[in-house]
Amino acid sequence: MRSGKKIAVIGGGAAGMMAAATAANRGLEVYLIEKNRRLGQKVLITGKGRCNITNGTDIQGFVDNVPVNGRFLYSAFNAFSNWDTVAMLEDFGVPIKIERGNRIFPKSDRAKDVVYAMTERLKRSGAHIVQDEAKAVVSKDGCVSYVELQNNGKLYVDSIIVATGGLSYPKTGSTGDGYRFARENGHTIVKPEPALIPLEIYENWPKELQGLTLKNIKIKVLDNKEKSVYEDFGEMLFTHFGVSGPVILSASSYIKKPQENRYKLRIDLKPALSIETLDNRVQRDFGKYSRKIFSNALDDLLPRAMIPIIINLSQISPVKEVNQITREERLRIVHLLKALELSIKSFRPIKEAIVTAGGVSTDEIDPKTMESRLINGLYFAGELIDVNGYTGGFNLQIAFSTGYLAGSSC
Ligand SMILES: Cc1cc2nc3c(=O)[nH]c(=O)nc-3n(C[C@H](O)[C@H](O)[C@H](O)COP(=O)(O)OP(=O)(O)OC[C@H]3O[C@@H](n4cnc5c(N)ncnc54)[C@H](O)[C@@H]3O)c2cc1C
């Protein structure tokens, strides 16, 4: 039974799809405006196409994994929790599995199954999908009035939910339009910055290793006073500009103004071995290859592509016979394997960030409803708000929870 109240949701990503279906399920007349031909373009590329949907931690765990304004999300996480997300997907035939770090994925490892479930939920809710671009959000006398559309004129509504995402991966549609809509309605925008972002490095050698993934390594990020600001264990990747991959993206959340602060990245290539055990291992290998030259003695220890790099950094001649390598030289090699250092230059551009930090100030949004404190009937959901989580499924859950709260409050 329709109530006659009309709602526009701008943006058909995780937050907007959730908001639109939730509002339509309440009997409201809902128009979901999406400029792309297809919904959920960003969800499709999440988790390398596997979609880390959410996390198995508790509500406090979620708040703790949102480094900026986590407390703002208590009501949203309570209104629609990780287990609500799981139940919603299972209702639409998408069973889940839990992996390391409580990360929740679809059992199929296919992000498109998540998009399918969300699209089905939306269709069944009766929400109208309008393929068009919102050009302006117009309010009058402190209340929302209409959405100006590129091709369909003015859409007069009672409430507008803005869920246009941030500035990262703009090819998926998130080009920052919502910041302008919010600003034009009097809202403060905390400067959008890249978060969960690859790092540019001063040294040139990572370029020579581009494409190489290191698994089971440990990293440490040190500030300019050599204090450790982050440590992690897992997988990283070398690129043409420096470093990326899961542990690097997570580390970037703990790095502030890298251009000014001269952080160092220290990589332990053999975290399972103490210095002593590794030295014994190197001695064993050197015994085995004692008649060979140095450059032919590291095959058992390192990925092939890394061998010339480590040789170069060790400043030992690659043609030196292994049995001529001194103890001091050998310890230099052990040290490189345990503490390979890189100097962090900068973040990559925001378009390469997994999420955008900054956005619509949480001071001007009611956390219990996601409604603007400045304009009646104006709501915000998803990455556009000044909240962002670490890796582990927290960002999609932010989109689902805030989308749900906006859709059930409007
Ligand atoms: C490569 C990558 C991998 C990721 N992996 C994960 C992961 O595994 N787990 C996780 O939790 N998070 C992940 N994230 C982050 C997560 O995907 C986002 O935080 C989340 O999808 C944001 O949802 P949203 O709905 O707020 O915004 P978006 O998904 O960006 O949706 C915004 C939508 O609004 C539309 N739009 C914008 N402006 C207009 C306009 N003017 N008119 C009409 N439509 C408009 C856009 O086309 C878009 O469809 C990943 C992000 C990236 C880039």
From the residues in segment 359-379 that are assigned to a strand (DSSP E or B) and not aliphatic (A, V, I, L, M), which one is nearest to the ligand (Cβ to nearest atom)?
Gly359
Could you go through segment 120-132 and let me know if any residue there is within 28 Å of Pro192 (Cα to Cα) and under 22 Å from the mean Cα position of the chain (by Cα).
no
What number of residues within segment 130-184 satisfy the criterion of being under 17 Å from Arg373 (Cβ atoms), more than 14 Å from the ligand (Cβ to nearest atom) and part of a strand (DSSP E or B)?
4
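Within segment 185-202, track down each residue that is outside any loop (DSSP other than H, G, I, E, B) and among the small types (Gly, Ala, Ser). Talk me through it step by step, then tell me what you get.
Kept after step one, since they are outside any loop (DSSP other than H, G, I, E, B), are these residues of segment 185-202: 189-195, 199-201.
Across segment 185-202, the qualifying residue is only Ala195.
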Verdict on Asn25 being among the polar types (S, T, N, Q) and under 21 Å from the mean Cα position of the chain (by Cα):
no
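Being in the same structural domain as Ser253 (by TED's automatic domain parsing), touching a Gly at 6+ places or on another chain (Cβ under 9 Å) and not small (Gly, Ala, Ser) narrows it down to one residue among Leu331, Leu301, Leu374, Leu342; which is it? Walk me through how you get there before you give the answer.
Numbers: Leu331 fails: touching a Gly at 6+ places or on another chain (Cβ under 9 Å); Leu301 fails: touching a Gly at 6+ places or on another chain (Cβ under 9 Å); Leu374 fails: in the same structural domain as Ser253 (by TED's automatic domain parsing).
Result: Leu342 is the single residue among Leu331, Leu301, Leu374, Leu342 that is in the same structural domain as Ser253 (by TED's automatic domain parsing), touching a Gly at 6+ places or on another chain (Cβ under 9 Å) and not small (Gly, Ala, Ser).
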Residue count for segment 178-235, restricted to those that are among the aromatic types (Phe, Trp, Tyr) and without any contact (Cβ under 8 Å) to a residue 40 or more places away in the chain:
2
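Please pick out the residue among Glu341, Glu328, Glu371 that is charged (D, E, K, R) and more than 31 Å from the chain's Cα centre (by Cα).
Working: Glu341 fails: more than 31 Å from the chain's Cα centre (by Cα); Glu371 fails: more than 31 Å from the chain's Cα centre (by Cα).
The match here is Glu328.
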Looking at segment 50-86, which of the residues that are hydroxyl-bearing (Ser, Thr, Tyr) and within 14 Å of the ligand (Cβ to nearest atom) is nearest to the chain's Cα centre (by Cα)?
Thr54
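With a cut-off of at least 1 residues that are at pLDDT 95 or above, name the helices (runs of 4 or more DSSP H) lying wholly within segment 203-316. Quick ask: steps written out before the conclusion?
On the way: elements: 205-208, 246-252, 258-261, 275-288, 307-314.
By residue number, 205-208, 246-252, 275-288, 307-314.
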Is there a residue in segment 380-391 that is in contact with a Phe, Trp or Tyr (Cβ under 8 Å, 6 or more places away or on another chain), assigned to a helix (DSSP H, G or I) and within 16 Å of the ligand (Cβ to nearest atom)?
yes
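The values are calculated or read from the model by the stated rules, or taken from the named source; none is laboratory data. Values in this document were obtained by computation on a predicted structure and should not be read as measured data. Cβ coordinates were reconstructed from backbone atoms using ideal geometry, including for glycine residues, and neighbour counts include every protein chain displayed.
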